[in-house]
Amino acid sequence: MFGEFFSSLLETCDSRFFFNQNIIINSNNRYSYPNYLLPINLDIKNHEGSFNNWPITEDNLKTLETVYGDKWICLPTHWVHHHPNHSMLPCTGIRLYCGNIIDNNLSYCMWWLKSHIYANTLWPSRRKEIEKMIDNNHRYKDQLKNLLVTNNFHNWIFLSYKRNILNNKNLDLRFYIKSTYHQLLDSKMYCPPFENWIPVDIGKLVNIGDTDNIENKLGLQNFLNKQKIENYKEKNLLLLKEKLNLTYDDLVGDNWLDVLSDYCIDFFNYS
């Protein structure tokens with residue numbers, strides 16, 4: 001959902017407000033955003049659970065204040081809760097969604113081309129999760145053990161087993177891509193009115209430069225760098241063209257999803 005780019009866009013809008021570190025941008029226009037909770041040894045990007053379950057203490061808050069002072073920091077996460085301030089952090093919640101189906105489809109393509117297709121490094125929290133599933137005698141524990149072998153981890157394979165996204169109990173990359181797309185579609189396009197969360201149509205912001213909503217909500221009028229947004233948009237469309245030979249206007253119907261599936265299958269040399 002362009003979340004790490006959006007975080008980078010926010011934090012570089014004005015140094016008077018935001019703490020700012022160097023953002024890593026790779027050749028595929030993927031933004032790797034820093035974990036600003038690292039000083040308290042916490043990562044909430046993939047944290048499953050309510051905000052009030054984040055193990056943040058008063059001492060943690062003092063540590064963060066020592067590191068960042070009175071500056072704002074962005075904390076991207078895949079999880080939302082009705083009350084972001086329950087985390088003990090003084091949070092303003094911003095929830096991203098795409099109200100336009102083409103923007104949603106572009107987001108899904110970028111997810112594969114920038115991230116999911118390259119998820120071959122087994123990070124510590126995912127390793128612990130797999131080990132726990134094996135210890136709990138998961139029905140696919142033998143297959144999960146194979147993912148612990150060095151250089152043998154693929155995130156889509158793990159999620160296929162974890163979420164039972166299997167075709168007649170078998171791995172099927174095309175089936176996974178299409179099933180996951182339809183599962184994500186409603187959650188990406190629908191933004192329920194969670195209290196204290198600011199809804200932002202990230203598709204509008206990225207693809208037509210609509211910054212007014214979030215600027216007004218945060219009191220940062222005319223601060224977001226529209227040229228940065230335009231450059232990001234153009235690089236995304238170039239990646240779409242180079243990898244899939246598709247344009248933005250091609251992302252309608254079902255054909256683009258077949259094209260994406262074919263590309264990923266060829267990339268993985270998987271059938």
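The values are calculated or read from the model by the stated rules, or taken from the named source; none is laboratory data. Because the structure is a prediction, the values reported are computed rather than measured. All Cβ positions, glycine included, derive from the backbone under ideal geometry; neighbour counts span all protein chains shown.
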Scan the range 144-152 and tell me whether some residue there is among the hydrophobic types (A, V, I, L, M, F, W, C), at pLDDT 90 or above and in contact with a Ser or Thr (Cβ under 9 Å, 6 or more places away or on another chain). no
Within the range 155-211, considering residues that are buried (at least 16 other Cβ atoms within 10 Å of the Cβ), basic (Lys, Arg) and at pLDDT 85 or above, the one farthest from the chain's Cα centre (by Cα): Arg174
If you take the residues in the range 241-255 that are out of contact with any helix residue (DSSP H, G or I) (no Cβ under 6 Å at 6 or more places or on another chain) and either closer than 30 Å to Thr92 by Cα or not hydroxyl-bearing (Ser, Thr, Tyr) (or both), which one is modelled with the lowest pLDDT? Asp254
Residue that is in contact with a Pro (Cβ under 8 Å, 6 or more places away or on another chain) and either within 27 Å of Leu205 (Cα to Cα) or assigned to a loop (DSSP other than H, G, I, E, B) (or both), where the choices are Cys91, Cys74: Cys91
Within the range 238-257, can you find the residues that are surrounded by 12 or more Cβ atoms within 10 Å (Cβ to Cβ) and either in contact with a Leu (Cβ under 8 Å, 6 or more places away or on another chain) or in contact (Cβ under 8 Å) with a residue 24 or more places away in the chain (or both)? Leu239, Leu240, Lys243, Leu244, Leu246, Tyr248, Leu251, Trp256, Leu257
Taking the stated definitions as given, is Glu195 in contact with a His (Cβ under 7 Å, 6 or more places away or on another chain), touching a residue at least 12 places away in the same chain (Cβ under 8 Å), acidic (Asp, Glu) and over 19 Å from Leu251 (Cβ atoms)? yes
Identify the residue in the range 1-40 that is touching a residue at least 24 places away in the same chain (Cβ under 8 Å) and aliphatic (A, V, I, L, M) and, among all such residues, is farthest from Lys71 (Cα to Cα). Met1
Say we look at the range 20-48 and pick out the residues that are among the hydrophobic types (A, V, I, L, M, F, W, C) and at pLDDT below 90; which of these is surrounded by the most Cβ atoms within 10 Å (Cβ to Cβ)? Ile44
Where Thr92 falls short, out of the listed (1) more than 30 Å from Tyr176 (Cβ to Cβ); (2) modelled with pLDDT of 90 or more; (3) surrounded by fewer than 17 Cβ atoms within 10 Å (Cβ to Cβ): (2)
